[in-house]
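The values are calculated or read from the model by the stated rules, or taken from the named source; none is laboratory data. Please read all numbers here as calculations on a predicted model, not as lab measurements. Cβ: placed from backbone, ideal geometry, glycine included. Neighbour counts: every protein chain shown. Areas reflect the complete protein model, heavy atoms only, side chains present, ligands, DNA and RNA absent. Shrake-Rupley method; radii C 1.70, N 1.55, O 1.52, S 1.80 Å.
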Amino acid sequence: MTQGDAEPIRLPMAELQVAKAADRQFQLPKEPPTEDYRKLLFELEAAGEIEVLRVPEPFVEVDTKFGRKKKVPLENTWHHKSCGQCGHIPGYSTSIFWLNREFGFNYHDPREQTSCTAWNYYASSTSNPAAQAAVACRNFAQAKLDGYFPLIHCGTSYGHYKEVRAQLLHHPELRNQVRKILARLNLPFVFPEEIVHYSEWVHVMREKIAERQVRDFSSITVTVHPACHYHKLVVEDAIYDADLYDGQRTAIVSGVVTALGAKVADYSTWHDCCGFGFRHILVSRDFSRSFATIRKIERMKEEADPDVTLTHDTGCVTTLDKSQFSTQAHNRNVGIPVMSDAQFAALSMGAHPYLVCQLHWHGVDMKPLLEQMGIDHEKAWKEFEEVADKLEKSPESYLTWEEV
Amino acid sequence: MNPIYKDARYTEVPYEEKLKLFDAVKSDMRYPHELHGCYECGICVAACPSARFFDFSPRVFAQTMAREDVHSFYELLNDNVWDCSQCFSCTCCPRQNNPGGIITIMREVAVNDGLQSAKDALQAYSRIIYKVMSTGTQVSPDMLQPDFFPDWGPDVRDVSLNLDVWRRAIPPETMHTVELAWDVSEKTRLELYMIWKLTGNLEMIENVDEGLYMILEEVMEELLEEHGYDIDDFDNILED
Ligand code: SF4
Ligand code: SF4
């Protein structure tokens, strides 16, 4: 056969019936492509291996990435705090507690809690899966003993515990190690039915928060930064909503902003990380600073010019906020206040900006934003200073919930 | 086996030594979940923050491991592994790879082997390891010092000047501390120390920072003894 007689090579494109881009519509897969971790957890429970800590009533069911439902408890929650929030941005955790108190929800703020220690795990790797799983399960066992269900404040704890869950589900040898450790600690081997992040609680509470809103946010433009460890590290059980971004991006944070009547503004690096880096933010901050300002803050400024950027994780608030100060020396286009969805929601319901939201621990100037929210920040700061003066004079005293 | 690249580094390190570490990564129980092969498409690189500011590429990690290139692996282990941000943006990989997860394992192998490059990378970080291992919380209010965070602006100075009063001016009782993020109970710290001992975590620290190891061992021994425990009763169960 000469070359001219050769049959043309037939590419299989016609049979594939791929719709043209213009005709395509985003649709969830008919079947989730991932395993159902709850099914596996309950199988292990039935086999007598572990006990599954049930999500307590009342709970709200929401859609996750591939269309499965997830239960988010409203109360009886064991607040698994975040070291970066409590240590460096204390108004973050305080606002979560304040919201729970405003709704009269029963919760527990334990002293018998360690961090997930995953900041260190991702920064230095001076740990191993058995230790990390044991730390997680020690906290969960304590939550069970206290009679509450864990609500995770930190995005990294949330992502890491989901990693731990996958490892425990698939590795009997790891389960044996953790079982041995917990036996030495005299603790039960329990794992929660769902790993629930506080921002998921804010999300399911958003309409109720909006009903109690006393400050008008309609003139406020917000950019949202979703935390990588929330929606990229174990993608399965992050919340998605067909009405937000057509279900293609996580609905977290954007949902509450919309419910509160503020405007969510998009920008091109929405999917990018904040630059935290775990090790970098502590000992190699030139990287974190460069990434946060050049890839995130400047993009937001140029494309959306927001009044505030909201996020839902410890490291993201820290990196996006604290990175802005010194870059002014290089004439970078910065100056966006940064806070969490919990602080934003609390402010909408009338929380004090300093006594509750503790905004004086943040870096970027919040005053223009507070004015836009209708808050007299000078008066509010005077009220904070009066409290501080009183506390200074009596070294054994503390600000109480009743006073705020 | 000789390295195949003209500009190969670490040619003085025996192949067997490199292979030992390569095999340690490959035999980790997490490894089969993290790498399934690589299209070399570079999607992970586009999503990677570290790739933008360092000479760093998650694709190179995936490729190197998939190709079983032991020499290049050893270079990455020493020269690149600590640049990763551990953000896991690279999980957008169309082959369901997790280059960041491969890197977590590689770092652990580097620490366990006491590589000098790991020691160097973690040198400035040891006080943080001390904090999290001894208290159960990683960062604390008293770390907010202007000399540690000079680039974070004047609010760090304000916080450090007013630290005691400002911490007491926070409503949740668990947060009235300056040395810990929250007040971790002694019982919980004790249980944490047992976990570190039972999982050989202290030995990991010994591999990279002997001084830190000795301090941590002493702190833990003291609390355990106070509660009637002998630190030597908590052998590493992972060696069983
Ligand atoms: S690891 Fe995945 S995303 Fe990266 S180059 Fe390979 S196939 Fe592509
Ligand atoms: S985990 Fe590491 S390799 Fe992956 S995207 Fe983040 S910085 Fe890049």
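Some observations on this one:
- Normalising by residue count, segment A:37-198 has a Cα convex hull of 121 Å³ per residue.
- Residue range of chain B that is longest and free of GluC sites (Glu not before Pro) which are both DSSP loop and sparsely packed (at most 14 other C-beta within 10 Å): B:69-178
- Share of pairwise Cα separations in segment B:15-121, more than 15 Å, in percent: 58
- Residue among B:Met194, B:Gly136, B:Met65 farthest towards the positive dipole end of chain B, charges placed on Cβ: B:Met65
- Förster-model FRET efficiency, 22 Å R0, A:Asp389 and A:Arg215, C-beta, rounded to 0.05: 0.20
- Listed by chain and number, the lysines whose alpha-carbon sits under 17 Å from that of A:Lys144, ignoring those within fewer than 8 places in the same chain, are A:Lys81, B:Lys187.
- Those Cys residues of chain B for which no other cysteine Cβ falls under 4.7 Å: B:Cys38, B:Cys41, B:Cys48, B:Cys84, B:Cys92, B:Cys93
- The Cα atoms of the protein assembly as shown define a convex hull whose projected area, averaged across directions, is 34.1 nm².
- Using the alpha-carbon positions of segment B:65-106, Rg (one decimal) and Dmax (whole number) come out as 10.6, 28 Å.
- Solvent-accessible area, 1.4 Å probe, carbon plus sulfur percent, for chain A: 49
- Solvent-accessible area per residue in chain B equals 42 Å², computed with a 1.4 angstrom probe and all protein chains kept.
- Quarter of Cα convex hull surface for segment A:110-261, i.e. mean projection, nm²: 11.0
- Ellipticity estimate at 222 nm from DSSP helix runs (n ≥ 4, -39,500 (n - 2.57)) divided over chain A, nearest 500: -11500 deg cm²/dmol
- Positive dipole terminus of chain A, leading residue within A:His280, A:Trp381, A:Tyr398 (C-beta point charges): A:His280
- 3J(HN,Hα) from dihedral phi, segment B:146-162, Karplus parametrisation 6.51/-1.76/1.60, rounded to Hz, x for glycine, proline: x, 6, 8, 10, x, 7, 8, x, x, 5, 5, 4, 4, 4, 5, 5, 10
- Once the Cα gyration tensor of segment B:186-239 is diagonalised, semi-axes √(5λ) in Å: 18, 13, 9
- Most mobile of B:Ala51, B:Ala181, B:Ala169 in a GNM of chain B (Cα contacts under 10 Å): B:Ala169
- Rounded accessible area of A:Phe59 (nearest 10 Å², 1.4 Å probe): 70
- Accessible solvent surface per residue of segment A:37-198, calculated while the other protein chains remain in place, 1.4 angstrom probe, Å²: 26
- Extension gain (nm, one decimal) between A:His271 and A:Thr400, 0.36 nm per residue minus Cα-Cα: 42.5 nm
- Taking only protein heavy atoms and a 1.4 Å probe, the accessible area of chain B is 47% carbon and sulfur.
- Heavy atoms of A:Trp119 accessible to a 1.4 Å probe, total area in Å² rounded to 10: 30
- Interface area, A with B, accessible, probe 1.4 Å, both sides summed, Å² nearest 100: 7600
- Within the listed set A:Arg289, A:Arg101, A:Arg24, the residue fluctuating most in the Gaussian network model of chain A (springs between alpha-carbon atoms under 10 angstrom) is A:Arg24.
- Subset of A:Lys39/A:Lys180; A:Lys71/B:Lys197; A:Lys301/A:Lys322; A:Lys301/A:Lys367; A:Lys30/A:Lys162 violating a 28 Å alpha-carbon distance limit: A:Lys71/B:Lys197
- Rounded accessible area of A:His330 (nearest 10 Å², 1.4 Å probe): 140
- Shape index of chain B: Rg/Rh, with Rg the Cα radius of gyration and Rh the Kirkwood radius from the inverse mean 1/r over Cα pairs, equals 1.03.
- Per-bin percent of Cα-Cα distances, segment A:213-384 [10 Å]: 10, 39, 36, 14, 1
- Dipole of the protein assembly as shown, positive direction: furthest Cα of A:Val62, B:Phe148, B:Tyr74, with charges on the beta-carbon: A:Val62
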